[in-house]
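Notes for the one structure printed next.
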Amino acid sequence: VQLVESGGGLVQPGGSLRLSCESSGIFFAGMHMAWYRQAPGKQRELVASITGVYVTSYADSVKGRFTISRDNGKNTVYLQMDSLKPEDTAVYYCKNLDMSVWGKGTLVTVSS
């Protein structure tokens, strides 16, 4: 199983980014997937998750601003991030919760 994230970068406060996480080597459609993030000097935290039947959950800090989704035909889970704030700056990681497999992460920097 491999997870490969993409879509990170530098964005101004108030801007948007969409992260992607492509999965290979498994039956993706039924898997419980999640996005985590780790800011400098802080612990890794759960941002959002989506089950195989499309039930979603979010950290309070991102509710109403971030949206997790999945495309089973493309073996990909997405994180749409809107109204970004400087405190959203972190390395964002994709995780397969059922198999406890992590991606390598993609850096998001929110700064003017």
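General observations
- Carbon and sulfur %, accessible surface of the chain computed with the full protein complex present, 1.4 Å: 50 percent
- Here the Gaussian network model covers the chain, with springs between Cα atoms less than 10 Å apart; of 77, 55, 91, 55 fluctuates the most.
- Across 25, 14, 52, mean-square fluctuation computed from a Gaussian network of the chain (C-alpha pairs under 10 Å connected) peaks at 25.
- The range 1-66 - Debye-derived log10 I(q)/I(0), Cα point model, q = 0.19 Å⁻¹: -0.94
- Relative contact order, percent, the chain [alpha-carbon distance under 8 Å, six or more residues apart]: 37 percent
- For residue 104 and residue 63, the difference between the fully extended length at 0.36 nm per residue and the C-alpha to C-alpha distance is 12.3 nm.
- Those chymotrypsin sites (Phe, Trp or Tyr not before Pro) in the range 1-84 that DSSP places in a loop and that have at most 16 other beta carbons within 10 Å: 27, 54
- Hydrodynamic radius by Kirkwood, which averages 1/r over all alpha carbon pairs of the chain, in angstrom: 13.8 Å
- Segment residue 44-residue 26, extension gain: residue separation times 0.36 nm, minus the distance between their alpha carbons: 4.0 nm
- Rolling a 1.4 Å probe over the heavy atoms of the protein chains gives the chain an accessible area of 52 Å² per residue.
The values are calculated or read from the model by the stated rules, or taken from the named source; none is laboratory data. Everything numeric in this text was worked out from a predicted model, so none of it was measured. Ideal geometry is used to build each Cβ from the backbone, glycine not excepted, and the neighbour counts take in all protein chains shown. For accessibility, only protein heavy atoms count, side chains too; no ligands or nucleic acids. Shrake-Rupley method; radii C 1.70, N 1.55, O 1.52, S 1.80 Å.
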